[in-house]
1. Need one word for segment 330-479: rounded, prolate or oblate. Basis is the Cα gyration tensor (sqrt eigenvalues a ≥ b ≥ c); a/c below 1.5 gives rounded, then a/b vs b/c decides.
2. Using only Cα atoms, tell me the angle between helix 149-158 and the longest principal axis of the chain; keep it within 0 to 90° and round to the nearest 10.
3. Amide H neighbours of Asp173 under 5 Å, counting only residues 5+ apart in sequence or on other chains, H built in-plane at 1.01 Å?
4. Could you size up the charge dipole of segment 327-406 around its Cα centre, putting +1 on the beta carbon of Lys and Arg and -1 on that of Asp and Glu, and report it in debye to the nearest 20?
5. So for each of 248-257, 53-62 I average, over its residues, the number of other beta carbons within 10 Å; can you give me the resulting order with the highest mean first?
6. For Ser413, which sequence-distant residues (separation of 5 or more, or a different chain) have an amide H within less than 5 Å of its own amide H, given hydrogens modelled in the peptide plane?
7. For Asp328 and Thr450, what is the calculated FRET efficiency with R₀ set at 35 Å and r taken between the beta-carbons, to the nearest 0.05?
8. For Thr187, put the label point 7 Å out on the Cα→Cβ axis and report which residues of segment 139-158 keep their amide N under 15 Å from it.
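The values are calculated or read from the model by the stated rules, or taken from the named source; none is laboratory data. Everything quoted here is computed from the prediction, not taken from an experiment. We place every Cβ from the backbone using ideal geometry, glycine too, and count neighbours over all the protein chains shown. Heads up: the accessible areas ignore ligands, DNA and RNA and are worked out on the full protein's heavy atoms, side chains in. Shrake-Rupley method; radii C 1.70, N 1.55, O 1.52, S 1.80 Å.
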Amino acid sequence: MKLLPLAALISTTLFASAAAHAADWPESFSKCAAQGGTCDVGTSKRQVSFGIKNKWVVKSLSGKVACTAATFGSDPYPNVDKKCAVGPLDGGTTPPVTPPVTPPVTPPVTPPASSDVLKQAATGWASYTTGTRGGAAAPSTAVYLVSSPSQLLAALKAQAGKPAQIKVSGTIDMASSDNGGAFKSSTEQRVRSLISVPSNTTLIGAGSDARIVNGRIVISGVDNVVVRNLTIENPCDIAPIWDPKDTKTGNWNSQYDGMNVDGATHVWIDHNTFTDAPRTDDKFPIENGKRKQCHDGALDIKNGADYVTVSHNVFEMHEKNTLVGSSDNTTSDDGHLTVTFNNNHYRQVTARAPRVRFGKVHLYNNYYEGDRSAKLYDHHYSIGVGYKAKIISQQNVFDIIGAKECGDVVENSGSSSKVGAIIDSGSVLNNAALGLGGESCKISNAVGWTLPYVPAVIEAAKVRESVLRNAGAGKLVVR
């Protein structure tokens, strides 16, 4: 659909084909009220339509909107009861094909005077049992400011698992001359891209521009790790492998995740931005009929990892975002993979946000934005309910252009013999109830556990604004 200028949305009459979308509102809109009722649009301006039978007016509105002719300034179908529906933000219909390389600059969220982000404790599953503070107890002799790969690697080794705080300044490129230059082989990339974080460590961006490039952060077999306030460019495998047996038509497969939590416990991943930019998928050629995909996951959590919280992050411009549990055959994961995802922003993420096997996973107050017909990172699904998944979902918000029902955002990722379970309360899809348990989302609700902590859940109507204001790197003040 062609983008309409904002001015044209102030009072515009549109006509459309009933074969293309619902007859009573524009394509990709969702009904929010009948005539005389009220639409709760939220604090950000969105397109709102008023009309019926392929004839309506559209205005850019916010807040509580009365579904009346007086609100919209005209009556497109006199003497007939009409309906109101809510559409995309600010008059947009499709996310830009070439998004900015870096997230929009927003003012930092300054913590209270008594708060020190280097000593804060995790909430959610990462707060369970001993809690997660990373290197909060580090003495001044174990606090490092690093700005190059060699400095970073030295700091990671210096304390051998004793409490340490490592502050990243500026961009650390693991393929820079300081670390041997551009990768020349897969073997080189595997060795020199590795950023292995030991126990009792806080790895944190010292400013709004702290960035990890050509690196993969691995948190493996350790305990009590915090990673915050970093922009992580998802690594690009220099030698993807073609597998003709991967699906009926074959696929390119790559290695290396932006971050991998492997068998670790008490891990807090907070206020980071994970992105493919500037090496987005459209920058790579098509070979064997498929895009030569060089990215793997953004964040994967596997092999019995426990007590992990993923909060206030931005995940953007990526296809296969997050696995919780890597294989149906890893049955030892059952009873583990205890993970909380809260207040994260998923924008232009194709799938796996997350895709869960076995885990006791809690999802609350996350905000999802996408477009099922986008040319780049088109939305397939958000939450994958895989084999023995046990997901508790609360007050999540999905703004997905083209999504018409729950099954467009929540997928039964298992098989008829390998099913998972999910329950939900209060989540919203395009300003309507998510509809879990309906025809398109008939998934078991036998999750078999209850939360062992009390989360600070806010109602769905406030999630969009809260997440947009707080999620992502550069929002913490590091002293």
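1. Values: a/c = 1.55, a/b = 1.17, b/c = 1.32.
It is oblate, given that a/c is not under 1.5 and a/b is not larger than b/c.
2. In the chain, helix 149-158 runs at an angle near 60 degrees to the longest axis.
3. Correct list: Val213.
4. 80 debye
5. Details: 248-257: 16.5, 53-62: 19.2.
Highest mean packing first, the order is 53-62, 248-257.
6. Excluding prolines and chain starts, which carry no amide H, the hits are Val385, Gly386.
7. Values: r = 25 Å, r/R0 = 0.73.
For R0 = 35 Å, the calculated efficiency reads 0.85.
8. So the set is empty, nothing qualifies.
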